[in-house]
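Structure first, commentary second.
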Amino acid sequence: GNRLRGGPQMIQLSLDGKRLYVTNSLFSAWDKQFYPEVTEKGSHMLQIDVDTESGGLSVNPDFFVDFGSEPDGPSLAHEMRYPGGDCTSDIWI
């Protein structure tokens, strides 16, 4: 598995309601104060699968973006743009 740093910040539901995308950086100054490991090692994005028939949520083990392994060093992911994409808000997750 992957070690999660910090806590969930931005979340966005897919148009069909079956995927919930989560990032964990709020604001770099606050991240430094409350979650220093996020600023040192980078943030991440994960996908939570939503069971719309039986109910329940589960982390998708095949979807994990580690922004700590970026070529120019650790990065902080706050909001992601999906132009013409998959989300209820057509601009942010």
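Here Asp49, Asp31 are screened, and the one residue that is of a type outside the set (A, V, I, L, M), modelled with pLDDT of 95 or more and in contact with a Ser or Thr (Cβ under 6 Å, 6 or more places away or on another chain) is Asp49.
Give me the residue from region 7-21 that is under 11 Å from the mean Cα position of the chain (by Cα) and without any contact (Cβ under 8 Å) to a residue 40 or more places away in the chain and, out of that set, surrounded by the fewest Cβ atoms within 10 Å (Cβ to Cβ).
Across region 7-21, the extreme among qualifying residues is Gly7.
For region 38-58, the set of residues classified as outside any strand (DSSP E or B) and exposed (fewer than 13 other Cβ atoms within 10 Å of the Cβ) consists of Glu40, Asp51, Thr52, Glu53, Ser54, Gly55, Gly56, listed by residue number.
The values are calculated or read from the model by the stated rules, or taken from the named source; none is laboratory data. Note that this is a predicted model, so its numbers are computed, not measured. Cβ sites come from the backbone with ideal geometry, for glycine too, and all protein chains shown count toward neighbours.
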